[in-house]
Amino acid sequence: QPKPADLSTIKRKWLDIPYANVAPDEKLDIYLPDEGDGPFPVIISIHGGALMFGDKADGQLNPMLTGLKKGYAVVSVNYRMSGEALFPANINDIKAAIRWVKANATEYKFNQKRIALWGGSAGGNLAALAGTSGEVKELEDMSMGNATQSSRVMAVVDWFGPTNFLLMDEQLKETGNGKPDHSEANSPESKVLGQKITEIPGKVKMANPETYITSDDPPFLIEHGTKDQIVPTQHSVIFYGKLEKVLGKQKVT
């Protein structure tokens, strides 16, 4: 487990605020820059952890917190893990959190027209998925609140997020990185989708951000290491190509 994030010096913060009430995990933390009345552009941070562990206040938050010095508000989100609820519960939660941030913009000095998602690994998958699936109803549960708000965002930072789970093993073999065990029945990907992924290609497609790419998607920044032992680098290379074809070079890096 990553160490906790360093929150000691942050003066303005609100912790463990519920953004929905289906499950105890549906809480977020808010951090504002020390000075100013905003409205601040918002980084929504989505933690990684194989969709089964990790926490909104663990060390994965440290890079996002550097945004405070640049005048961003940072909102870090917990979501339901695979041990508690199957996909699409996790993306339902992320979208509910985005709607909550917009609905509560005035109270917390957010600029609701300037919201970016930023996540690594499993959090990268969810950030990318929310980014491409703006108004896709089958990934959204409006009964979780703030149904008048849209869950569209204005930018996505995808750090080494998985896209097509079914290609993970063959791509890891191609590069000789890590252990190709993602297609097994007890893999994190199979656990969150509720069945061995090779038996449910339709469900895998639903969890793949590439499925929903449309020309009105926000700009994407994708970063991925070539020695990644868990998520194959090819995921990001292929995702970049698909986004670039639809959005154009100027909107994808």
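The values are calculated or read from the model by the stated rules, or taken from the named source; none is laboratory data. Here the structure is a predicted model, which is why all the values come from computation and not from measurement. Cβ placement follows ideal geometry from the backbone for every residue including glycine, while neighbour counts extend to all protein chains displayed. What goes into the accessible areas is simple: the full protein's heavy atoms, side chains included, and nothing from ligands, DNA or RNA. Shrake-Rupley method; radii C 1.70, N 1.55, O 1.52, S 1.80 Å.
For the chain, what is the accessible area per residue in Å², given a 1.4 Å probe and the full set of protein chains?
Numbers: 11080 Å² over 253 residues.
Per residue, the chain has 44 Å² of solvent-accessible surface.
For helix 89-103, what angle does its Cα long axis make with the longest principal axis of the chain, in degrees from 0 to 90 and rounded to 10?
Its long axis makes an angle of about 20 degrees.
Taking all protein chains in place and a 1.4 Å probe, what share, in percent, of the accessible surface of the chain do carbon and sulfur account for?
Numbers: 6040 of 11080 Å².
Its accessible area is 55 percent carbon and sulfur atoms.
Which lysines have a Cα lying under 17 Å from the Cα of K13, excluding residues fewer than 8 positions away in the same chain?
Partners within reach: K27, K56, K69, K70, K109.
Go through the stretch 50-102 and name the chymotrypsin sites (Phe, Trp or Tyr not before Pro) that are in a DSSP coil and have 16 or fewer other Cβ atoms within 10 Å of their Cβ. Don't jump to the answer; show the numbers that get you there.
Working: sites: F53, Y72, Y79, W100; in loops: F53, Y72, Y79.
Answer in residue order: F53.
Which of E223, E135, E107 ends up with the largest GNM mean-square fluctuation for the chain, with Cα atoms connected below 10 Å?
E107
Picking from S82, S215, S150, which is most flexible by a Gaussian network model of the chain using Cα springs under 10 Å?
S215
Can you give the angle from 0 to 90° between the axis of helix 233-247 and the longest principal axis of the chain, with both taken from C-alpha atoms, to the nearest 10?
The angle comes out at about 70 degrees.
Take the chain, mark every one of the trypsin sites (Lys or Arg not before Pro) that falls in a DSSP loop and has at most 13 other Cβ within 10 Å, then report the longest stretch left between them, sites excluded.
Details: sites that count: K11, K227.
It works out to 12-226.
Over the chain, what is the percentage of antiparallel beta bridges among all DSSP beta bridges, to the nearest 5? Write out the running numbers ahead of the final one.
Numbers: 10 of 31 bridges.
The answer is about 30 percent antiparallel.
So what are the radius of gyration and Dmax for the Cα set of the stretch 94-208, in Å?
16.3, 50
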